[in-house]
Amino acid sequence: MNYGERISELREQHGWTQEELATSVGITRAALSHYEKNRRKPDFETLTRLADLFDVSIDYLIGRTTQEKTELDPDVRAFVDGLELSDEDLLERFNLTVDGRKLTEDEAKRFIAFVRMERAMK
């Protein structure tokens, strides 16, 4: 099943019109119609809002899996929630690189600051 069919199916399961769903997600009805007919692909923010609204994973929404939700083991969830890129131990353990060169702790902090600034501007 492709993403358009999945979005349409989920919308209908919830008993929503295209206008109601589009308003809830913050897009136009025309954009939603294009998504449902596979004429356009939703951007990441729209996919995230749709997945949150339907209470499904993005992978399910785009047809990569038939499993609506993916549950992480509680220990894995605690680990993931605690990740911080500027943690020197994490950088050492996972050997994060850009252009084949390992990131320093300072570079990771600058990268995080850049991403936060970029997000704040949206």
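The values are calculated or read from the model by the stated rules, or taken from the named source; none is laboratory data. Please read all numbers here as calculations on a predicted model, not as lab measurements. To get the accessible areas, we keep the full protein, side chains included, count just its heavy atoms, and leave off ligands, DNA and RNA. Shrake-Rupley method; radii C 1.70, N 1.55, O 1.52, S 1.80 Å.
Quick look at the values:
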{"item": "Sequence-separation-based contact order of the chain, relative, with Cα cut under 8 Å and 6+ spacing, percent", "result": "18 percent"}
{"item": "Heavy atoms of VAL98: accessible area, 1.4 Å probe, square angstrom to 10", "result": "80 Å²"}
{"item": "Heavy-atom accessible surface of the chain: percent carbon and sulfur, 1.4 Å", "result": "50 percent"}
{"item": "Å² per residue, accessible surface of the chain at 1.4 Å", "result": "71 Å²"}
{"item": "Distance from segment 1-33 to segment 92-122 (C-alpha centre basis), Å", "result": "35 Å"}
{"item": "Distance cut-off 23 Å, percentage of C-alpha pairs in the chain lying past it", "result": "50 percent"}
{"item": "Estimated [θ] at 222 nm from DSSP helical runs (n ≥ 4, -39500 (n - 2.57)) normalised by residues in the chain, nearest 500", "result": "-17000 deg cm²/dmol"}
